[in-house]
């Protein structure tokens, strides 16, 4: 009896030990799966880092960031919204078919949850977007989206934008691990974005400096300043990615200004006369430097030129006075297309430098006109002296000789012919003296305005 009890007790201990061992093995396997999953996510994060780091331009970086974020957390839709001035100015997205995108129409404007992250840039993870108080629903034809993860991208001390991920595959919502991974990706994206931005700025500065050097070299080599000014306006439009650019010059005593040089969308206003008051030109002159007008069609500073002239044609506008030793000689104006976003810090630096070169061109043009007037005055003085000392004196001597010959003539008909010739010589002398007097008058003032390009 005791032997049977011992046998049962021994079997019970063996089964318990086996069960405990099975439990430990299951825990080990679960941890091994967790480790493998973690390693897989880390490898995915490293692949995302590499993909983002390979792009060398900003557009490529943004596209790679969106693609890497979607793949990293297994989301169906992903997007990156660029923020400037407290609003969304760009929206890069993947996941939706082109047909759906076309049906939805315009891109998000930064309302609802997207606007919440713009105003309060911090991580946000939701099981269902519709349950959040800030949710405003979706536009017509927009696909349904439930789970949501938003993470800000900070470049240096500012918020560049936000990463938006929706519809987690296989789970009802994004996990805390997903949030950590996307946050880590956002940090790497911030470095790549900053590098791409610096590289883009460097390239733009190089193009700008090359263009300005080319114009300066042409001016020093004797290029027509009016032609150089037209080239500067064209460079301003191209370098600043503007819709149009132009130079306004004073006319009619300065109360009215003429759109003297134009390029791009501004060509429709070539040679148009605009009042000084209520124009961007007046705003720049009053400010004594660069001014920015977000919407010329509604800004009170441009009330006189807004009606029917700018609505729907141009967006944000920059204007800067063209200064010279004689004061403000003109105003350089550039405008973006509506909806293209505003000008950045580098744009404002470059337009000020271009305006300085434009001032040099206008100053050289004025100096050239003054030199032409001086040459004209000198030529007239020389011609007058030549007529006075050579021609008039010789004619006067010739008239005296004829008069002496006439006084000695016996025949009246011959004397009469000589007297007629004497009167003719006197008339020629009077006309020459009148011509000399007119040469000594002030020459007419040359045109002070730059004309349109030859092809206009």
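We did not get these values from a lab; they are worked out from the coordinates using the rules stated. Being a predicted model, the structure only gives us computed values, none of them experimental. All Cβ positions, even for glycine, are placed from backbone atoms using ideal geometry, and neighbour counts span all protein chains on display.
What the table shows:
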{"read-out": "Estimated distance in nm for a label pair at residue 156 and residue 195, the labels positioned 7 Å out from Cα along Cα-to-Cβ", "value": "1.8"}
{"read-out": "FRET efficiency estimate (nearest 0.05) - Cβ-Cβ, residue 400 to residue 295, R0 60 angstrom", "value": "0.15"}
{"read-out": "Computed lengthening from residue 382 to residue 213, 0.36 nm per intervening residue step minus Cα-Cα distance", "value": "56.8 nm"}
{"read-out": "Volume of the Cα convex hull of region 212-368, divided per residue and given in Å³", "value": "100"}
{"read-out": "Range of Cα positions in region 146-197 per principal axis (Å), largest first", "value": "36, 17, 17"}
{"read-out": "Largest-first ellipsoid semi-axes for region 262-304, taking √(5λ) over the Cα gyration tensor eigenvalues, angstrom", "value": "18, 12, 11"}
{"read-out": "Extension gain, residue 346 back to residue 421 (0.36 nm per residue minus Cα-Cα distance, nm)", "value": "19.1 nm"}
{"read-out": "Spatial separation of Cα centroids for region 184-217 and region 84-161, in angstrom", "value": "28"}
{"read-out": "Extension gain (nm, one decimal) between residue 273 and residue 371, 0.36 nm per residue minus Cα-Cα", "value": "32.4 nm"}
